[in-house]
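The values are calculated or read from the model by the stated rules, or taken from the named source; none is laboratory data. Quantities reported herein were computed from a predicted structural model and do not represent experimental measurements. Virtual Cβ from ideal backbone geometry, glycine too; neighbours counted across all protein chains shown. In case anyone asks, the SASA skips ligands and DNA or RNA and just uses the protein heavy atoms, side chains included. Shrake-Rupley method; radii C 1.70, N 1.55, O 1.52, S 1.80 Å.
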Amino acid sequence: MSAASRPLSPHLQIYRPQLTSVLSILHRGSGIILALGALLVAAWLAAVAAGPAAYLAAHGLLNSWAGKTLLFLWTLCTFYHLCNGVRHLVWDAGYGFGLPAAYASGKIALGAAVALTVLAWLL
Amino acid sequence: MNAESTSAPPSPPAAGAATPAATPAANSARHASRHWRWQRLSALALIPLTLWFVFAILDAVGESHAAALAWLGRPGVAAALSVYLAAAFWHAQLGLQVVVEDYVAAERARANTLLALRIINSIAAGIAIGAVWLVAFAS
């Protein structure tokens, strides 16, 4: 087997997905989505500054069904990345490395993200 | 620290010998630890700012243009938004940088992608913060 065609670590395709690994890649995925979302935030602010016509266009897009769906998913990504980010900061401080703790904190982060999203859309 | 080590002046490095900080590896390690620290500092700042921003922006997008202008015209909002936007775009830049370093193996493509990200995020942050200030100072 040539060096180029050797399988690369960590052999993702042979591992059964676990809560911990799924949450880990979701952190990255949500982060990338939020970086794209930040461009939309910049566009919305630019529309406010540009004047009523630009604002009306942005307002129409954001308040359509597609726009609201996008905003809802953005809210979920934001709160997930926030809650799981706090989980990472706790790890950085040296706590919660045990397997039971990692699973418990994962469930808490996921639950908190959903709860905050529901709260933000009900208020 | 004991008295001996504080009173004794550090011996100068031997001529020609590279000091640890001057080697590429040490610079890279220092760069990496700086990246790590700023990523976490921006994360800490973003905890309260994001909680505020999500609730505030979900309200704001449903409002009229006049209401949006009035909202951005409040000094507290403009200041908080400026800090939020700076931290968020910076945090995004630091995070995306790691993703590119992990997945883009080819050296040239990696360098080009990193440069493109830097340019896009800088421009977007400038537009976003510039727009806030334009509205805030015009009102």
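Scan A:H81, A:H88 and give me the residue that is touching a residue at least 60 places away in the same chain (Cβ under 8 Å) and within 9 Å of chain B (Cβ to nearest Cβ).
Among A:H81, A:H88, only A:H88 is touching a residue at least 60 places away in the same chain (Cβ under 8 Å) and within 9 Å of chain B (Cβ to nearest Cβ).
Please give the number of the condition A:G106 fails out of (1) touching a residue at least 24 places away in the same chain (Cβ under 8 Å); (2) open to solvent by 70 Å² or more (accessible area, probe 1.4 Å).
(2)
Take the residues in the range A:29-45 that are open to solvent by 60 Å² or more (accessible area, probe 1.4 Å) and more than 7 Å from every other protein chain (Cβ to nearest Cβ); name whichever of them is nearest to B:A131 (Cα to Cα).
That would be A:L40.
State all residues of the range A:46-61 that are part of a helix (DSSP H, G or I) and either more than 7 Å from chain B (Cβ to nearest Cβ) or open to solvent by 40 Å² or more (accessible area, probe 1.4 Å) (or both); if no residue qualifies, say none.
Result: A:A47, A:A50, A:P52, A:A53, A:A54, A:L56, A:A57, A:A58, A:H59, A:G60, A:L61.
Do we find that B:S33 is within 15 Å of the chain's Cα centre (by Cα), exposed (fewer than 13 other Cβ atoms within 10 Å of the Cβ) and either more than 9 Å from chain A (Cβ to nearest Cβ) or part of a helix (DSSP H, G or I) (or both) in this structure?
yes
Which condition number does A:G67 fail, the rest of (1) under 30 Å from B:S139 (Cα atoms); (2) touching a residue at least 40 places away in the same chain (Cβ under 8 Å); (3) surrounded by fewer than 17 Cβ atoms within 10 Å (Cβ to Cβ) being met?
Result: A:G67 fails condition (2) only.
Would you confirm whether or not the range A:73-89 contains a residue that is basic (K, R) and open to solvent by less than 60 Å² (accessible area, probe 1.4 Å)?
Checking the range A:73-89: at least one residue is basic (K, R) and open to solvent by less than 60 Å² (accessible area, probe 1.4 Å).
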